[in-house]
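Written out below as structure tokens is the structure these notes cover.
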Ligand SMILES: NC(=O)c1ccc[n+]([C@@H]2O[C@H](COP(=O)([O-])OP(=O)(O)OC[C@H]3O[C@@H](n4cnc5c(N)ncnc54)[C@H](O)[C@@H]3O)[C@@H](O)[C@H]2O)c1
């Protein structure tokens, strides 16, 4: 029970990587604060997580709504007294558009959720982490933020931004017990699938397959654990040896 006594907040916890992180952390003893805009699916994950016997709070929360994020974090800290681990996972990524045809509305929506959302959630918890002299923050970025994806410039730019946000903030708080890293998945299996171990063939990786939600969760849990106490400011790719398109 590696995470017994720890409180972990996960955004976008209803499906996919976020759900896998929530369930794996629950299995390892963590109390959970789960946020998503999809409340119905979030309730299901909350119920699944409670089966491991931990305390679980679920909140309908759009991470791009600063006021709501602050309200949720302050309520969670009132209930649990602290937040030890933050996994900034919620993001938009499914829209494709050539750069020439991309609208400023699309760009603003992506920036609001994928960049400002990470900023709001991180800023909301960091005061508590600084007081406690302990924090683990994992930002879910993407290989798109490293290599750039054609027809997803709007998305790639947001993930590049949070990779740099990770490196810069890690330097500010490294001496204060707060470690911040990002993970950059390649292609992950369809995230609404019930099975966390599901994958399918993919010619985007030299391994010839997509990654699973559980494989991504395993890396995030490692970075959230005290086994990773000397790692901060890194972006770790989890992509089956990606072909750099
Ligand atoms: N699936 C992939 O192939 C892949 C590849 C690289 C990176 N990623 C990254 O992994 C993370 C998770 O992706 P996924 O594919 O597992 O899940 P997903 O995209 O299917 O789901 C994301 C979750 O976030 C929630 N969400 C969306 N907007 C939100 C908002 N404004 N506020 C709160 N919650 C919100 C959704 O309701 C959903 O539950 C994302 O950051 C994504 O960019 C995914």
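Identify, please: which residue in segment 193-232 is modelled with pLDDT under 95 and in contact with a helix residue (DSSP H, G or I) (Cβ under 7 Å, 6 or more places away or on another chain) and is, among those, surrounded by the most Cβ atoms within 10 Å (Cβ to Cβ)?
196
For segment 25-42, which residues satisfy the criterion of being assigned to a helix (DSSP H, G or I) and more than 10 Å from the ligand (Cβ to nearest atom)?
Kept after step one, since they are assigned to a helix (DSSP H, G or I), are these residues of segment 25-42: 25-27, 39-42.
Correct list: 25, 26, 27, 40.
Pairs only if they're at least six apart or on different chains, beta carbon under 6 angstrom, first in segment 149-178 and free of Cβ contacts under 8 Å to residues at least 40 places away in the same chain, second away from the ligand (no atom under 12 Å from the Cβ); list them, first residue then second.
Short answer, once both residue conditions are applied: 156/148.
More than 14 Å from the chain's Cα centre (by Cα), part of a loop (DSSP other than H, G, I, E, B) and more than 10 Å from the ligand (Cβ to nearest atom): which single residue out of 150, 174, 168 fits that description? Lay out the reasoning, then the answer.
On the way: 174 fails: part of a loop (DSSP other than H, G, I, E, B); 168 fails: part of a loop (DSSP other than H, G, I, E, B).
One residue alone meets the criteria, 150.
Determine the pairs where a residue that is under 17 Å from residue 113 (Cβ atoms) and part of a loop (DSSP other than H, G, I, E, B), located within segment 6-24, has a partner that is more than 8 Å from the ligand (Cβ to nearest atom) and modelled with pLDDT of 95 or more with Cβ atoms under 7 Å apart, the partner being 6 or more residues away or on another chain.
So the pair list comes out as 13/22; 13/34; 13/45; 14/45.
Out of all the residues in segment 68-87, is one or more within 29 Å of residue 148 (Cβ to Cβ), modelled with pLDDT of 95 or more and either away from the ligand (no atom under 11 Å from the Cβ) or in contact with a strand residue (DSSP E or B) (Cβ under 7 Å, 6 or more places away or on another chain) (or both)? I'd like the intermediate steps shown before the answer.
To start, the set of residues in segment 68-87 that are within 29 Å of residue 148 (Cβ to Cβ) comprises 69, 86-87.
Applying the additional criterion that residues be modelled with pLDDT of 95 or more yields 69, 86-87.
From what is left, the residues that are either away from the ligand (no atom under 11 Å from the Cβ) or in contact with a strand residue (DSSP E or B) (Cβ under 7 Å, 6 or more places away or on another chain) (or both) are 86-87.
There is at least one residue in segment 68-87 that is within 29 Å of residue 148 (Cβ to Cβ), modelled with pLDDT of 95 or more and either away from the ligand (no atom under 11 Å from the Cβ) or in contact with a strand residue (DSSP E or B) (Cβ under 7 Å, 6 or more places away or on another chain) (or both).
Please pick out the residue among 60, 67 that is within 20 Å of residue 21 (Cβ to Cβ) and surrounded by fewer than 17 Cβ atoms within 10 Å (Cβ to Cβ). Before the answer, list the steps.
Numbers: 67 fails: within 20 Å of residue 21 (Cβ to Cβ).
The match here is 60.
Can you tell me how many residues within segment 115-139 are within 17 Å of residue 34 (Cα to Cα) and either modelled with pLDDT under 95 or within 12 Å of the ligand (Cβ to nearest atom) (or both)?
6
Run residue 91 past the list (1) under 30 Å from residue 226 (Cβ atoms); (2) part of a loop (DSSP other than H, G, I, E, B); (3) out of contact with any strand residue (DSSP E or B) (no Cβ under 6 Å at 6 or more places or on another chain); (4) free of Cβ contacts under 8 Å to residues at least 60 places away in the same chain and report the number of the one that doesn't hold.
Residue 91 satisfies every listed condition except (4).
The values are calculated or read from the model by the stated rules, or taken from the named source; none is laboratory data. Please read these numbers as outputs of a predicted model, since none were measured by experiment. Please note: Cβ atoms are built from the backbone with ideal geometry, for glycine as well, and neighbour counts cover all protein chains shown.
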